[in-house]
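Structure record follows, encoded as C-alpha cells.
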Amino acid sequence: PAEFATDLTGVTMSGKAGFSGFVKGKYNDTSMPGFSLVVDVDQGRFKYPDLPAAVENIYVDLKVNSPGGSDLDKMVVDLKRFAMTIAGNPVEARMYLTKPMSDPNVDAELKANLDLASVKTVVPMKGDELQGNFTADVRMKGAMSDIEAQRYERFTADGRMILLGMKYDTDSLPSIGINSLYFDFSPQFLSLTSFDGSMGSSSIQAKGRMDNYLQWWLKDSMLVGSFDLAANKFDLNELMGPSSPEPAAAAAPADSTPMSVIEVPKNIDFRMGLAVKEVIYDQLHLANVRGGLRVHDQRVDLSDVFFNLFGGSVTMSGGYEAKDVKAPRIDLKYDVRDLDIQQTVTYVDMVQKMAPIAKTCKGTFSTTLSMKAALNEHMEPDMNSLTGDGTLVTRNVQVDGFQPLVDLAKALKIRELENTRLQDVIFSYELRDGKMITKPFNVKIDRIQANVGGSTAFADQAIDYDLKAKIPSDMFGAGAAQAVAGLLGKANAAVGGNFEVPKELDMTAKITGTIDKPIVKPVFAGGTSSVKDAVVAEVKQTVNEEIGKKKEELIAQAKAERDRLVAEAQTQADKLKADARREAANVKAQAYKAADDQVAQVTNPLARAAAKIAADKLKKEADKKEQQAIAEADKRADGLVDVARKKGDELVAKAEATDTTVK
C-alpha cells in the first residue's frame, strides 16, 4: 500500500520471501472451507538509510493447514522457525500446534537476548529513547488435557523472561523505567517473582502470579491472577501528558472530552493488594492508600480500601459492574472520617448535588454511606437511579451565606442566622427518587434549639424542609420587650407578680423553593408570623397561666381557711353540747332526789299515794327542762358551725370570683 510504501523510501532489503495458500470448500453455519497458508522468509535483511545497524538473518518457516469441514480440530499450525538478528541481538522462536479446538497440543520455544538500545539503531523512533536488556529462554510442550487433569509431570513449561535496566522516554508519556522484571514459567502458573519500576516520579514494586495462563492462551478460558502492588508515589497526572508551556491567556481550552464506559474483560479473575503511600490525581492527594481489588465477571470489587484525604480518612468497599456497557452500575459503601468540607466540595461534584449547604460551610464532617447507582455513557452517576442511606456527623461547622438561612434571618429579623455556627449535628439520610431525604434531627443554630427534616432534589435543587425551633426572646431585640412592657406592668399589678418577657418562643417554618431562591414561611405559636404579635401572645399566655395558678392558690387557701373555721366552730359546738348535757343531767338528778325525799317523809298511806303522784309530776317537769336545755345548747352550737361555714364559703366564693385575666 502506498501509505506504507512512503515509510520504506530508501530502505534497503535483501533475502527471499514467499507466500502461498488456498481456500477451498463450503462456508456456512456448520462447515468451514479447507485452507492452507505457507510463509517462507530466508536470509531476510532490511536497513534504514540514516541508521547505523540492520535487522538481519530473518527467517520465517510457517505452515498452517486445515482440511476444512465441520471439525477445525484437524487444523495444524507449524512454525518451524522464526528468527532475526537485531543489530547483533538474536531472537529465535518455534511452535507446533495440533488439536487446537478439543485438546490443544503445543510444542513451543522462545529464546532472545536483546539490548533494547539497539532497537533505535535499526528502526526510526522519532525522538524516543529506549534502553535496557531483555532476555527470554522459555519452553512449552504437552497437551492441554494434562494441565486440566493436573498431570503436570507430563507437561513441560519452564524458563524465564527477564527485563533489566529498561528506560523509555517519549514526548507523550512520562519516563518509564523497569529496574528489574522476572517472569518464571511452570505448567501451573506464570510467576512475577519481582517487578521494580517507575513511571515519571512514581516508583512501583509488584509481585504475584497468573494461574491458568496456558488454558487462557490456548483455549481462551479464564485467566486467574493474584498480585501485590506497592509504591511510594503514584502520580496519575503524569500519565495525561505534559502541561501546556504557553501562558494561561493563550493556552488552549482544557480537554473537555467526556469519559467513555470502562469495560471489564470477561475472562480474567485478578486479585490485587494495594499499598501506595501517595496517589496524585489532578489536585487530589491521597495518602496511605491500601486495600484489596478484584477484577472478575466483568466487575471490579473493592475490599477495605483505605486512604487519607482532605485532612481525614476514607474507607470504602463495593464494586463497579460493566456487564451491560450501556448501563454500568456501582454499589459502594463509605466510612468517611473528619474530611474538610471545603476541599470535599471543591473536588467532589456529587457532594454539591447531594448537600448544597456544604458550599457555604467551613469545618469537617464524617459520614457512613451505602449507595447504588447506574452510570451513563460518560461514567457519570444517573442521580435519579441513586439509592442509599447513611448517617452524617459534624461537630462545629461555620455556615456563611446559605440562602435559606439568610432568608429565614430576614423573616425573623435575626441577623445572627445569616452567618452562623452549627454545633453537634447528627442526622440520618436516604437517597431515593432523585432526592436526598433528611430524617428530622435536632441541631443548635447559634443559640437556637431546632429540629429539621426534609429533602433536596438533585436535578433542580428544589427543597422541602420543616423546621421547628425554640428561639431565645432576646434575639429579637429591644422592640419585642417594649411591645409588651405595659402588658407586663398591668399583669404584675393585678396579681402582685414579677413577670418578664418569656425566655423562648416556639416557631415552625416551612422552607420550599430552591436552594438559590428559597421560600421561607415562619409561624409562631398562635398562628402568627409577626414577631411582635408572637411575643405579645406568648406573654399573655404566660401571664394568664401564672394568674390562673395564683387564682388556684387563693381558692385553695380560702378552702383551707373555711375548713379551719368550721373545724374550730365544730369543736366549740361539741363542747357546748357536752356541757349542756352534763348540766341538764345534774339538774334533773337533783329534781328527782327532791321528789323522792318528799315521798319518803309521808307515812300516811293515802297521803303517801298523793305525794307519789306529785313526785312523778315533778320528775316529768325535770325531764322536760332537761330536753329544753339540750335543745337550746344544740341550737347555739349548730349556729356557731353555720356561721363559720358561711364565713368560709364567702372566702372561697370571693377567691373563685377573682378574674384578672389579661386580654
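The values are calculated or read from the model by the stated rules, or taken from the named source; none is laboratory data. Model, not experiment: these values are computed from the prediction. Reconstructed Cβ throughout: ideal geometry from the backbone, glycine too, with neighbour counts over all protein chains shown. SASA here: full protein model, heavy atoms, side chains in, ligands and nucleic acids out. Shrake-Rupley method; radii C 1.70, N 1.55, O 1.52, S 1.80 Å.
Taken across region 40-59, residues that are under 22 Å from I178 (Cα atoms), open to solvent by 40 Å² or more (accessible area, probe 1.4 Å) and part of a strand (DSSP E or B) do not occur at all. Summed over region 346-356, residues that are touching a residue at least 60 places away in the same chain (Cβ under 8 Å) and open to solvent by less than 60 Å² (accessible area, probe 1.4 Å) total 3.
With respect to (1) closer than 19 Å to L422 by Cβ; (2) in contact with a helix residue (DSSP H, G or I) (Cβ under 7 Å, 6 or more places away or on another chain), the lone exception for P356 is condition (2). Taking each residue of region 568-594 that is closer than 15 Å to D634 by Cα and touching a residue at least 40 places away in the same chain (Cβ under 8 Å) and looking for partners that are surrounded by fewer than 16 Cβ atoms within 10 Å (Cβ to Cβ) and among the β-branched types (V, I, T) with beta-carbon atoms closer than 8 Å, six or more apart or interchain, yields A569/V643. Residues of region 61-108 being open to solvent by less than 60 Å² (accessible area, probe 1.4 Å), without any contact (Cβ under 8 Å) to a residue 24 or more places away in the chain and within 22 Å of V119 (Cα to Cα), which ones? Listed by number, the residues that qualify are V91, A93. So in region 401-426, with the set limited to residues that are under 20 Å from T512 (Cα atoms) and either among the basic types (K, R) or touching a Ser or Thr at 6+ places or on another chain (Cβ under 7 Å) (or both), which one is surrounded by the fewest Cβ atoms within 10 Å (Cβ to Cβ)? Ranking the qualifying residues of region 401-426, first place goes to G401. Residues in region 432-459 that are in contact with an Asp or Glu (Cβ under 7 Å, 6 or more places away or on another chain) and either over 20 Å from Q398 (Cα atoms) or part of a strand (DSSP E or B) (or both): I437, K444, G453, G454, S455.
P187 meets the conditions (1) more than 28 Å from D50 (Cβ to Cβ); (2) in contact with a helix residue (DSSP H, G or I) (Cβ under 6 Å, 6 or more places away or on another chain); (3) in a strand (DSSP E or B) in every case but one. The failed one is (3). The strands (runs of 3 or more DSSP E) found entirely in region 265-345 that carry 2 or more residues being open to solvent by 20 Å² or more (accessible area, probe 1.4 Å) and among the charged types (D, E, K, R) are 268-281, 284-296, 299-309, 329-340. The set of residues in region 621-631 being open to solvent by 100 Å² or more (accessible area, probe 1.4 Å) and modelled with pLDDT under 85 consists of K625 alone. If you check S186, S194, S202 for being among the hydroxyl-bearing types (S, T, Y), in contact with a Leu (Cβ under 9 Å, 6 or more places away or on another chain) and open to solvent by less than 30 Å² (accessible area, probe 1.4 Å), only one passes: S202. Against the test of being polar (S, T, N, Q), modelled with pLDDT of 95 or more, open to solvent by less than 40 Å² (accessible area, probe 1.4 Å) and part of a strand (DSSP E or B), the options S20, S36 yield a single qualifying residue, S36. Scanning region 568-599 for residues that are loosely packed, with under 13 Cβ neighbours inside 10 Å, hydrophobic (A, V, I, L, M, F, W, C) and over 30 Å from A611 (Cα atoms) turns up just one, A578.
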